[in-house]
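Novice: Can you keep this structure in mind? I'll have questions shortly.
Just so you know, all these numbers are worked out from the coordinates, no wet-lab data involved. Quick caveat, the model's predicted, so the values are computed rather than measured. Here the Cβ positions follow ideal geometry from the backbone for every residue, glycine too, while neighbour counts run over all protein chains shown.
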Protein chains: 2
Amino acid sequence: MPKKNAFYAQSGGVTAVINASACGVIEAAREHDDRIDRVYAGLNGIVGALREELIDVSQESVDSIAALRHTPSGAFGSCRYKLKSLEQNRAEYERLIEVFKAHDIGYFFYNGGGDSADTCLKVSQLSEKMGYPIRAIHIPKTVDNDLPITDNCPGFGSVAKYVAVSTKEAALDVASMCDTSTKVFILEVMGRHAGWIAAAGALAQETEGDAPHVILFPEVAFDKEKFLARVQKTVEEKGYCVIVASEGAQYEDGTFLADAGSVDAFGHKQLGGVAPTLANMVKSELGLKYHWALADYLQRAARHIASATDVEQAYAVGRAAVEMAAAGKNAIMPTIERAPGPDYDWSVGEAPLNEIANVEKMMPKEFISEDGFGITAAGRDYLLPLIQGEDYPPYHNGVPQYAKLKKVLVEKKLKEGFDV
Amino acid sequence: MPKKNAFYAQSGGVTAVINASACGVIEAAREHDDRIDRVYAGLNGIVGALREELIDVSQESVDSIAALRHTPSGAFGSCRYKLKSLEQNRAEYERLIEVFKAHDIGYFFYNGGGDSADTCLKVSQLSEKMGYPIRAIHIPKTVDNDLPITDNCPGFGSVAKYVAVSTKEAALDVASMCDTSTKVFILEVMGRHAGWIAAAGALAQETEGDAPHVILFPEVAFDKEKFLARVQKTVEEKGYCVIVASEGAQYEDGTFLADAGSVDAFGHKQLGGVAPTLANMVKSELGLKYHWALADYLQRAARHIASATDVEQAYAVGRAAVEMAAAGKNAIMPTIERAPGPDYDWSVGEAPLNEIANVEKMMPKEFISEDGFGITAAGRDYLLPLIQGEDYPPYHNGVPQYAKLKKVLVEKKLKEGFDV
């Protein structure tokens, strides 16, 4: 293949380390300048390609690109935009290929979760059919840790570390207040339908019986009586109870706790409220004083407390994607492979996209303790290596100094726009 | 005064650095062993004294005491327990003096906010009247930064840094998602009736127009129309809007936004919800997609991102309290004094407790911008030095390694218990 430009885009909810993958892509592409000419990044993800809004990465300084390694969020902009199926909207895929053709793009690096793996696969298939082959590589990214085959997903380790550290710190706070004040603390965390992030709260434990005392997973049907009994017992025994609840926690019948009832003054249903729902239960049924926190974006943006392991892996899969593309590979995703044995050792492997796309990996049953409120030793063995190491960003004026990109757009070449 | 024991207690809501003050007290007391024999700490604050539950600090290792400097929360336990006035419950004060007498305690170090300064003063006055003089020194601690005379309060700088860092990180997240998803992000922070913590969100700004775009202070009456107009305008101009809201935000008539309406499915009023209240407004009146976070205890327990300046000051006031007591002083509080001039320079001063007790320091008007949604240059000049420097705790297994005390109780000497 003659020298071609590369397109890189960030997709879906961002993470503390997705920019480390971008950094890996861009730095590796520089080393492959015999095959890769320029790197263009989609402004706000794939919609940037559809709108022909391409950021010319060569306009950014070497230092700015290096700083992406310690910058959270999506520096080029991301998007929640799922391309429809080929049957429903072939025009979108054709537009992508047109834009790629117009800008001599031969490499497509798509940095996202399950949906974007699917898009990446389709782009690769369609481009071939349309006579303009593109090497499409998907770069894994999701705090939800729900991609198959790969041992873990870049982005997860850092949110896991944030949740473990925050749980440990808040638990010390409650422990010191519980004699005369707050008895129950609830931290609501992300994770959608998978309990990986909630499970990470358990890494706050040093010894058995340490906080968190209750973890609520989406994988375990919520049983109100059992939950309240456990909270009550924990408060009796320890003086306080710390709960980490997944936003996806649900009843046996699939009703989310977050949907289970709150309405505002205008009668509008309030969503996103597992923690307040639980807090109300604790208050009304047990009469215990509570506090609750909702970390929301703070948890996935918390680059200041990122896992060094996660940063390295995010960077590595970015680099690997370019190496793979330069080596002529297509329709694959670099994966993290864990070596067997007691010591943690990882390397980058690869998996075909048709085995990745649209498959959701849940917490295995053997990672959840028998009572459903905690994790097992196997779960801990899996999770613990992923939060190892600190990778502090540089600070200026008391706050982290994160990359600020110029985001210079390439001149458009197509006559027609495209509505997204 | 002959050699006496010292009593130390932690009071009220804990902070990321109150244990650094404890560390300062204990380490300085060791150096004054000609005057101070043992240090006893109240188990769960002042109620530990009332119950005669005294932790013998000499049973803790030197390393454990040193580790208090990097350990958040109240390692000896704190309490929300305000002693009643002398008229209402003289028995409580008399009990305190009895316990102090029984354990040969001649020094009383009380580490807390405005209420505990008042208690500290009363103990000093009453003990003298009862013929058992005690040198009572109050050590400032409050994330709310609302104590008078002292330039700032230990505990505040670290929560300020947490809020600044978290706001900066979450803002990057929203910025990268706003094209197709979340447009408004709201972070609810602590601070009670004072807007200091919310103001610290402004330290996330590098240049004018940076996030946060709106700060809601308790000191500025909430005007719904003006607020919504500002949010709308910001989203139009920047694509997104980041809001930092104080839990104490209130309407002109004094109604808290947090009280303004939410009820759960059972008709129970929900409190602590400035952020969801604002989010509902943004959704129902402007139709914008939002996310919100409630940091709650996470913010004041976040020792992992403590301000080095704050840690130093917390430690310094702990040490100073002992120096002052050893020098024969009484009924005072060590303060932080800021030297005049453009460069930040501080030293420890002192203030009489009768000028501290029951006085609440609000944000000065000149720190709040004219539109009421931000801070002025003077506000920034005041706040910025307080979040300088990082003081990372050691890590083990991916999480901070915080002090674990043995908390060995001294044998009781009084025949009677005391109900608290």
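Novice: Less than 18 Å from a label point 7 Å out along the Cα-to-Cβ axis of A:LYS129: which backbone N atoms in the stretch A:67-91 qualify, by residue?
Specialist: Answer for this model: A:83-91.
Novice: Let me ask something additional. Using only Cα atoms, tell me the angle between helix B:224-238 and the longest principal axis of chain B; keep it within 0 to 90° and round to the nearest 10.
Specialist: 70
Novice: If R0 is 30 Å, what FRET efficiency do you get for B:GLU87 and B:ALA327 from their C-beta distance, rounded to 0.05?
Specialist: It comes to 0.35.
Novice: Here is a further query. Give the nm distances, rounded to one decimal, from A:TYR251 to the matching residue in every other copy, measuring between label points 7 Å along Cα toward the beta carbon; shortest first.
Specialist: Ordered by increasing distance: 3.4 nm.
Novice: Please return the longest stretch of chain B lacking exposed loop sites, where GluC sites (Glu not before Pro) count only if DSSP places them in a loop and at most 12 other Cβ atoms lie within 10 Å.
Specialist: For GluC sites (Glu not before Pro) (loop position, at most 12 other Cβ atoms within 10 Å), the longest site-free span of chain B is B:88-207.
Novice: Rounded if a/c is under 1.5, else prolate if a/b beats b/c, else oblate: with a ≥ b ≥ c from the C-alpha gyration tensor eigenvalues square-rooted, which is the stretch B:61-115?
Specialist: Taking the square roots of the gyration eigenvalues as a ≥ b ≥ c, the stretch B:61-115 is oblate.
Novice: Ignore the peptide's own chain and count Cβ atoms of other chains within 10 Å of each Cβ in A:398-407; give me the average, rounded.
Specialist: That works out to 5 on average.
Novice: Identify the residue of chain A whose Cβ lies closest to the rotation axis that maps chain A onto chain B, and give that distance in whole Å.
Specialist: A:LEU294, 2
Novice: Run the simple label-point estimate for B:ALA221 and A:SER347 please: 7 Å along Cα→C-beta, distance reported in nm.
Specialist: 7.0
Novice: Under a straight-distance cross-link criterion of Cα-Cα below 12 Å, which aspartates and glutamates are reachable from B:LYS365, leaving out those fewer than 8 residues away in the same chain?
Specialist: Once the sequence-local aspartates and glutamates are set aside, what remains near B:LYS365 is B:GLU219.
Novice: A further question follows. Just to be sure I understand: with springs between alpha-carbon atoms less than 10 Å apart, which residue in A:GLN88, A:GLN125, A:GLN388 has the highest mean-square fluctuation in the Gaussian network model of chain A?
Specialist: Greatest mean-square fluctuation among the candidates belongs to A:GLN88.
Novice: What does a probe at B:ALA377 reach in the stretch B:329-352, counting residues whose amide N is under 19 Å from the point 7 Å along Cα→Cβ?
Specialist: B:340-344
Novice: Here is a follow-up. Note the angle between two axes, namely the Cα long axis of helix B:90-102 and the longest principal axis of the Cα atoms of chain B, as a number of degrees from 0 to 90, rounded to the nearest 10.
Specialist: In chain B, helix B:90-102 runs at an angle near 50 degrees to the longest axis.
Novice: To the nearest 0.05, how large is the calculated FRET efficiency for B:VAL359 and A:LYS3 if R₀ is 56 Å and r is the Cβ-Cβ distance?
Specialist: About 0.20, to the nearest 0.05.
Novice: Using a 7 Å offset from Cα along the direction of the beta-carbon, what are the separations from B:LYS233 to the same position in each other copy, nm, ascending?
Specialist: 5.8
Novice: Exceeding 18 Å between C-alpha atoms, which entries from my cross-link table qualify? They are A:LYS168/B:LYS404; B:LYS3/B:LYS412; A:LYS4/A:LYS101; B:LYS4/B:LYS122.
Specialist: Pairs exceeding the cut-off: B:LYS3/B:LYS412; B:LYS4/B:LYS122.
Novice: In addition: Suppose every K and R has +1 on its Cβ and every D and E has -1 on its Cβ; what is the size of the dipole of the protein assembly as shown about the Cα centre, in Debye to the nearest 20?
Specialist: Its charge dipole is roughly 220 debye.
Novice: Another question about this same structure. Take the protein assembly as shown, drop everything but the C-alpha atoms, weight them equally and run the Debye formula without solvent; then report log10 I(q)/I(0) at 0.09 Å⁻¹ to two decimals.
Specialist: For the protein assembly as shown at q = 0.09 Å⁻¹, log10 I(q)/I(0) is -0.87.
Novice: Could you run the Debye sum over the Cα atoms of chain B, one equal point scatterer each and no solvent, and tell me log10 of I(q)/I(0) at q = 0.06, 0.07 Å⁻¹, two decimals?
Specialist: Values, matching the q order: -0.27, -0.36.
Novice: Give the percent of DSSP beta bridges with both residues in the protein assembly as shown that are antiparallel, rounded to the nearest 5.
Specialist: The antiparallel proportion sits near 35 percent.
Novice: Pick out, from B:LEU43, B:LEU147, B:GLN299, the residue whose Cα sits farthest towards the positive end of the charge dipole of chain B, with +1 on the Cβ of Lys and Arg and -1 on the Cβ of Asp and Glu.
Specialist: Projecting each Cα onto the dipole axis, the largest value belongs to B:LEU43.
Novice: Continuing with this model, one more query. Take every residue in peptide A:75-83, count the Cβ atoms of other chains within 10 Å of its Cβ, and give the average of those counts.
Specialist: Whole-number average of other-chain Cβ neighbours for A:75-83 is 4.
Novice: So what's the gap between the Cα centers of the stretch A:56-85 and the stretch A:1-32, to the nearest angstrom?
Specialist: If we compute the Cα centre of each part, the gap is 8 Å.
Novice: Something else: Between A:SER58 and A:GLU94, 0.36 nm times their residue separation minus their Cα-Cα distance comes to what?
Specialist: Length gained between A:SER58 and A:GLU94: 10.3 nm.
Novice: Would you mind checking the tilt of helix A:114-129 against the longest principal axis of the Cα atoms of chain A, expressed as 0 to 90 degrees and rounded to 10?
Specialist: Result, in degrees: 20.
Novice: I would also like to ask the following. Take every DSSP beta bridge whose two residues both sit in chain B, then give the antiparallel share in percent to the nearest 5.
Specialist: Within chain B, antiparallel bridges account for around 35 percent of the total.
Novice: Now, a different point. Let's see if you can work this out: charge +1 on each Lys and Arg Cβ, -1 on each Asp and Glu Cβ, no other charges. What is the dipole magnitude of chain A about its Cα centre, in debye to the nearest 20?
Specialist: About 1200 debye.
Novice: Report for the stretch B:156-301 the percent antiparallel among DSSP-assigned beta bridges with both residues inside it, nearest 5.
Specialist: Roughly 10 percent of the DSSP beta bridges within the stretch B:156-301 come out antiparallel.
Novice: Over chain B, with a Gaussian network built from C-alpha contacts below 10 Å, which listed residue (B:ALA245, B:ALA66, B:ALA91) shows the highest mean-square fluctuation?
Specialist: B:ALA91
Novice: Note the full-extension length gain between B:GLU370 and B:ASP259 as 0.36 nm times their separation in residues minus their Cα-Cα distance, in nm to one decimal.
Specialist: 37.3 nm
Novice: For the stretch A:157-315, what does the alpha-carbon gyration tensor say about shape, rounded, prolate or oblate, given a ≥ b ≥ c as the root eigenvalues, a/c under 1.5 as rounded, and a/b over b/c as prolate?
Specialist: Oblate, because a/c is 1.5 or more while a/b does not exceed b/c.
Novice: How far is B:ASN89 from the same spot in each other copy, in nm, shortest first, if each label point sits 7 Å from Cα toward Cβ?
Specialist: Spacings between copies for this position, smallest first, are 6.5 nm.
Novice: Scattering from the C-alpha atoms of the stretch B:138-187 alone, worked out with Debye: what is log10 I(q)/I(0) at q = 0.22, 0.31 1/Å?
Specialist: Values, matching the q order: -0.76, -1.08.
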